[in-house]
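Only the coordinates and a few stated rules stand behind these numbers; no lab work does. Everything numeric in this text was worked out from a predicted model, so none of it was measured. As a convention, Cβ positions derive from the backbone with ideal geometry for all residues, glycine included, and neighbour counts pool all protein chains shown.
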Amino acid sequence: MIPGDADEHGTDRTPGGSPPLPGRVLPPVGGGSPLAGSAGRAISGAGHASPAASGEFGPDDGSVTPPSGSGSARRVSRRRVRKREPRGGTTEKSRRSGRSTSPRPVEPRLPRLTVAERLAVVDRLLDGSVPAAGAVWSRATAWILRIALEQSVDELWTRTEPGLARCPMRAQLLALRVVAGPSVAARTAALWTALSHAAHHHDTELAPSVSELRRWREDTARIAGELATIRR
């Protein structure tokens, strides 16, 4: 290398390949001061790029800007803004799938069965005309009888004391002594307890027999008739 030539860092090197002479910076090609404006800050004395060259600072005001290709810039560019659809409308996903997000219409509730209709279902179960019940027909019969008994008590409170219908069944049985008399209340409580025990499955006990279910069916119909005659 000819003395006075400069390498790629802009520093002189000696003919024998000696290290560059520190402190000397050659002017850029085309003239001009090597330290003019931001170009002077872009080259340090040792030849390394400064923060201005990497884009960490603005041109001259010292403002910080994220370098191009940085992780923060990529995260910002990948971020999507989701558009919210109005509630009950049709979204893009539902349009593609052909489904609507509108609320489903409320189906009308079926009318409540009467006590007589529930007893008729019990008669069909006892006669064996409901083969779909399978092996659980006996406990299903006990459940229906218990529901019919509780419904007859609810109808009594609707006519006499509507506030008692929101109380637990055991509390209603206690209050029944005042309204229906001790005899009817005692028979109602005994039948409700027997039906509740028979409706639940117990591993060490057999299911209720047909004779027991028929007797409970007659007791339920008799008590329901007696409660129906009580008025306020």
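Points to keep in mind about this one:
- Residue in the range 152-163 that is over 18 Å from Leu119 (Cα atoms), surrounded by fewer than 18 Cβ atoms within 10 Å (Cβ to Cβ) and of a type in the set (Lys, Arg) present: yes
- Selection within the range 160-195 - assigned to a helix (DSSP H, G or I) and either in contact with a Lys or Arg (Cβ under 6 Å, 6 or more places away or on another chain) or of a type in the set (Asp, Glu) (or both): Ala185, Leu195
- Which numbered condition Asp203 fails, given (1) surrounded by 15 or more Cβ atoms within 10 Å (Cβ to Cβ); (2) charged (D, E, K, R); (3) assigned to a loop (DSSP other than H, G, I, E, B): (1)
- Of all residues in the range 210-232, those that are in a loop (DSSP other than H, G, I, E, B) and in contact (Cβ under 8 Å) with a residue 60 or more places away in the chain total 3.
- Residue in the range 195-209 that is of a type in the set (A, V, I, L, M, F, W, C) and more than 43 Å from the chain's Cα centre (by Cα) present: no
- Within the span defined as the range 124-132, every residue fails to be basic (Lys, Arg) and either loosely packed, with under 11 Cβ neighbours inside 10 Å or part of a loop (DSSP other than H, G, I, E, B) (or both).
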